[in-house]
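Working notes, beginning with the structure itself.
The values are calculated or read from the model by the stated rules, or taken from the named source; none is laboratory data. As the structure is a prediction and not an experimental result, all values here were calculated from the model. Ideal geometry is used to build each Cβ from the backbone, glycine not excepted, and the neighbour counts take in all protein chains shown.
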Amino acid sequence: MPLPLLRQLLLSAVFVTLCCSGSAPAVAQQPAATANSAERTFASLEVFPATVVISSIRDARRVVVTGVTSDGQRIDVTSKATFSTQTPVFTLDSDNYLTPLAAGAGTLKVEAVGQTIEVPVQVTSIDPVAVEFSREVNPLLSKSGCNQGLCHGSANGKNGFKLSLRGYDSFYDYRALVDDISGRRFNRSQPSQSLMLLKPTQGVPHEGGFLFDEQSRTYRVLEQWIAEGCSYRTDSARVVGIKVHPPTPLLQLRHDQQQLIVIAEYSDGSSRDVTRDAVFDTSNFEVATVSKTGLITAVQRGEAAALVRYEGNYAAAPISILGNRDGYQWTPQPEQNFIDGLVHSKLQRMKILPSDLAGDAEFLRRVSLDITGVPPGIAEIQAFLQDKTETQAKRTAKIDQLLASSGYVEHWTLKWSDLLLNRRKTLTERGVWSFRNWIRQSVAANRSYQQFAAELITANGSTFENPAASYYRIAREPKMVMENMTQVFLGTRFNCNQCHDHPFERWTQRQYYELAAWMADVGRRPLPDGDEFIFTMSSAVPVVNPDSNQPATPRFPFEHGGAVDASATRREQLAQWLTANENPYFAKSIVNRYWSYFFGRGIIDPVDDIRAGNPASNPELLDALTKDFIDNNYDLKRLIRLICTSVTYQRSLESNQWNEDDSSNFSHALPRRLA
């Protein structure tokens, strides 16, 4: 039979079957409730900031308007609000930013969802102020994308012109703009004819395309800076941090929106609304998107983070999208320690109900594998199941028994041997066992983690007699030692910024080599039987930064309040800086890593990627665990006991209607590989 005829017969048969059976193509499921379809009754309005203060002629502020519903929900209604004023001290731009007209006091009237509120406005000064490169020009270059990795911020620049990645080095960028090609990017007598303005407005060909027009605020600021002589103030106040409002956006339904406000805080104590110039992104566009202006839009239920960057400072605002949770009701849950209270607070925020406790058999297998690495024996299982002691008392006693066992020592010796890369290839057979025995003794003695790390960093002598010195045989170059140290003891990936500035964090290529330089005075001398003698050389080997082709000076990538003895050796200073209570990464990274061993994922995950762009799923929990760990002398065994005795750890693998989609809030146990 010819194929066309056969195809017609088959189609006819399908058509007849559908007609006779009354069937029809599947109808799409009813869409989930969205912001547009939800009926909400608003009782009042809230405005942030409650009082607006404008302190400079080019300062501009915006407000976020929140509608409070009759049942207590807070919904961003900024896009639905109308703004007006009858006072002559400020005006409203097309994007509803308040810009000053005269010094004095005024009032902003806000109307939305049938409610009205008035906001006090104070303009303190409109005196003329010169445009500052660091404070105003460089942020505009970042916002326009000029210093991004795909443009002039790439390792080799673009078309012979290079800027620092994301503008972290404003003085370098200033020199590159003003001095390169003999300063021909600027026409100070006719600023509008400057290449810096002609290219982004497409007045002349520009590979980066059209970026802004001649009527834009960006154009006006750059034009004024050029007209004023392209100056650079070395004493300009620098940004010391940024804050995002709201800090933890909670959106109810799909398509709900939330406007962010970003406030930069400066070294002179001043602050500015920099929302216009901040750069925004999202950690998970399948859950929420974030526009260039800082507007979050909910896509589906889940969690993400709004990532904000401004002048080398980073912040993340955790976003929670609840979705339709009709019928949800929290029920009181048992709590054994502060872990449970903080986990339950997050579950209530996300409208999640945790699973019940695991049965005794499930708990015993889990805790035995997690603490000792081996399952319980038959006799042990039978004795535990037949024990009629109260459940939590019985389980706590079993945890204590496992922590006191030789199995605990062997299991965690193996884990730390893996973390520290203890292997025959680099240490020889005798060296491997020597280093392993040192690790084992540390675990058996429950040595303070702070002391454990400090001994590794400062170790000298024969690696057989002082096995901690083997740390410097495993990685032999300063760069490799530094990379291992930051990944294990700080939970960060410094190797990403060896060849170029870190693509997702504040770490720079310069900092990579400066941190590696602390290891540059480690000397190694061969000894008989495969041993080596580790010592501190009188003259360090230069660690050369390929970008500058100059030896790097030892310098820490960030400062904290901990004490560092400047007269000590390089590694002694490094150990003091690394293990200080004030180091924001040291204790936090090991607490997070240990948590992952018992739950299958870290509170920050991956555990070796701690950065602003990868925020914690429960920052309050991680902070509390970190503080408790420091307050109790970096006691790893106590940390394990704290985790295992919590109700959170002992929950069942079985999920329920309200937590079946949860994989990051520890409402139920997750399946894990045995090794």
Subset of region 114-133, residues of a type in the set (A, V, I, L, M, F, W, C) and at pLDDT below 95, comes to Ile126, Val129, Ala130, Val131, Phe133
Heads up, the helices (runs of 4 or more DSSP H) in region 449-558 (entirely inside) with at least 1 residues that are out of contact with any Phe, Trp or Tyr (no Cβ under 8 Å at 6 or more places or on another chain) and free of Cβ contacts under 8 Å to residues at least 40 places away in the same chain are 449-458, 478-485, 509-516
Taking region 69-90 and the residues there that are among the β-branched types (Val, Ile, Thr) and surrounded by 13 or more Cβ atoms within 10 Å (Cβ to Cβ), the one that is nearest to Ile57 (Cα to Cα) would be Val89
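Of all residues in region 57-83 being not in a loop (DSSP other than H, G, I, E, B) and not β-branched (Val, Ile, Thr), which is farthest from the chain's Cα centre (by Cα)?
Pass one, region 57-83, residues not in a loop (DSSP other than H, G, I, E, B): 61, 64-69, 74-76, 78-80, 82-83.
Applying the additional criterion that residues be not β-branched (Val, Ile, Thr) yields 61, 67, 74, 76, 79-80, 83.
Values: Arg61: 27, Gly67: 29, Arg74: 25, Asp76: 24, Ser79: 28, Lys80: 32, Phe83: 35 Å.
Applying the filter and picking the extreme gives Phe83.
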(message) For the structure I just gave you, tell me whether Ser589 is within 25 Å of Leu515 (Cβ to Cβ) and without any contact (Cβ under 8 Å) to a residue 24 or more places away in the chain.
(response) no
Gly431 vs (1) surrounded by fewer than 21 Cβ atoms within 10 Å (Cβ to Cβ); (2) part of a helix (DSSP H, G or I): all pass except (1)
Of those in region 161-177 that are closer than 13 Å to Ser142 by Cα, assigned to a helix (DSSP H, G or I) and not hydroxyl-bearing (Ser, Thr, Tyr), the residue nearest to the chain's Cα centre (by Cα) is Arg166
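Restricting to region 283-325, and then to whatever is of a type in the set (D, E, K, R) and closer than 26 Å to Arg238 by Cβ, can you tell me which residue is farthest from the chain's Cα centre (by Cα)?
Here the residue is Lys292.
Residues are listed down the side, and each one gets a yes or a no for (1) touching a Lys or Arg at 6+ places or on another chain (Cβ under 8 Å); (2) more than 20 Å from Tyr232 (Cβ to Cβ); (3) not assigned by TED's automatic domain parsing to the domain that holds Val47:
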position: Leu92; (1), (2), (3): no, yes, no
position: Asp95; (1), (2), (3): yes, yes, no
position: Pro100; (1), (2), (3): no, yes, no
position: Ala103; (1), (2), (3): no, yes, no
position: Val110; (1), (2), (3): no, yes, no
position: Leu150; (1), (2), (3): no, yes, yes
position: Lys158; (1), (2), (3): no, yes, yes
position: Gly167; (1), (2), (3): no, no, yes
Go through the residues of region 373-393 one by one and say whether even a single one is of a type outside the set (A, V, I, L, M), in a helix (DSSP H, G or I) and under 29 Å from the mean Cα position of the chain (by Cα).
no
Worksheet entry | Flag for Ser448 being within 16 Å of Phe489 (Cα to Cα) and in the same structural domain as Phe533 (by TED's automatic domain parsing) | yes
Counting only residues that are within 16 Å of Phe452 (Cβ to Cβ) and assigned to a helix (DSSP H, G or I), region 573-603 contains a total of 12
Heads up, the strands (runs of 3 or more DSSP E) in region 246-330 (entirely inside) with at least 3 residues that are touching a residue at least 12 places away in the same chain (Cβ under 8 Å) are 257-259, 261-266, 279-282, 295-298, 302-310, 313-321
Determine if region 627-637 includes at least one residue that is surrounded by 20 or more Cβ atoms within 10 Å (Cβ to Cβ), under 16 Å from Ile339 (Cβ atoms) and in contact with a His (Cβ under 7 Å, 6 or more places away or on another chain). no
Handout entry: Any hit, region 100-109, residues being surrounded by fewer than 19 Cβ atoms within 10 Å (Cβ to Cβ), free of Cβ contacts under 8 Å to residues at least 24 places away in the same chain and assigned to a loop (DSSP other than H, G, I, E, B)
Key = yes
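For region 112-145, give me each residue that is assigned to a helix (DSSP H, G or I) and of a type in the set (S, T, N, Q).
Restricting attention to region 112-145, the residues satisfying the condition of being assigned to a helix (DSSP H, G or I) are 133-144.
Passing the criteria: Ser134, Asn138, Ser142, Ser144.
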Taking region 309-337 and keeping residues β-branched (Val, Ile, Thr) and within 30 Å of Glu390 (Cα to Cα) leaves Thr331
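Determine whether region 635-656 contains at least one residue that is more than 23 Å from the chain's Cα centre (by Cα), assigned to a helix (DSSP H, G or I) and more than 22 Å from Gly491 (Cα to Cα). I'd like the intermediate steps shown before the answer.
Of all residues in region 635-656, those more than 23 Å from the chain's Cα centre (by Cα) come to 635-656.
Right, trim to assigned to a helix (DSSP H, G or I) and you get 636-644.
Restricting the remaining residues to those that are more than 22 Å from Gly491 (Cα to Cα) gives 641, 644.
Looking through region 635-656, at least one residue is more than 23 Å from the chain's Cα centre (by Cα), assigned to a helix (DSSP H, G or I) and more than 22 Å from Gly491 (Cα to Cα).
Which of the residues that make up region 477-495 are under 21 Å from Val541 (Cα atoms) and charged (D, E, K, R)? Full working, then the answer.
Narrowing region 477-495 to residues under 21 Å from Val541 (Cα atoms): 477-486, 494-495.
Of everything in region 477-495, those that are under 21 Å from Val541 (Cα atoms) and charged (D, E, K, R) turn out to be Glu477, Lys479, Glu483.
Taking into account only those residues within region 215-233 that are among the polar types (S, T, N, Q) and touching a helix residue (DSSP H, G or I) at 6+ places or on another chain (Cβ under 9 Å), which is nearest to Gln202 (Cα to Cα)? Let's see the steps before the verdict.
Filtering region 215-233 down to residues among the polar types (S, T, N, Q) leaves 215-216, 218, 224, 231.
Narrowing further to those that are touching a helix residue (DSSP H, G or I) at 6+ places or on another chain (Cβ under 9 Å): 218, 224, 231.
Working: Thr218: 15, Gln224: 19, Ser231: 25 Å.
Among those residues, the one meeting the criterion is Thr218.
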From the option list Arg220, Arg254, single residue qualifying as surrounded by 20 or more Cβ atoms within 10 Å (Cβ to Cβ) and over 19 Å from Gly167 (Cβ atoms) is Arg254
Note: among Gly602, Gly613, just one is in contact with a strand residue (DSSP E or B) (Cβ under 9 Å, 6 or more places away or on another chain), surrounded by 17 or more Cβ atoms within 10 Å (Cβ to Cβ) and either without any contact (Cβ under 8 Å) to a residue 12 or more places away in the chain or within 23 Å of Tyr168 (Cβ to Cβ) (or both), namely Gly613
In region 589-620, anything more than 19 Å from Ile640 (Cβ to Cβ) and among the hydrophobic types (A, V, I, L, M, F, W, C) is listed as Ile610, Ala612, Ala616
How many residues of region 394-437 are under 35 Å from the mean Cα position of the chain (by Cα), within 30 Å of Arg476 (Cβ to Cβ) and either outside the structural domain of Val481 (by TED's automatic domain parsing) or not basic (Lys, Arg) (or both)? The answer is 15
When every residue in region 361-396 that is touching an Asp or Glu at 6+ places or on another chain (Cβ under 9 Å) and not β-branched (Val, Ile, Thr) is compared, the one farthest from Arg601 (Cα to Cα) is Asp387
task: Could you tell me whether any residue of region 364-371 is out of contact with any Gly (no Cβ under 9 Å at 6 or more places or on another chain) and assigned to a loop (DSSP other than H, G, I, E, B)?
output: no
Yes or no: Asp662 crowded, with 18+ Cβ neighbours inside 10 Å and within 24 Å of Lys415 (Cα to Cα)? no
Discussion item. Can you confirm whether Leu622 is in a helix (DSSP H, G or I), closer than 21 Å to Tyr408 by Cα and either modelled with pLDDT of 95 or more or aromatic (Phe, Trp, Tyr) (or both)?
Written reply: no
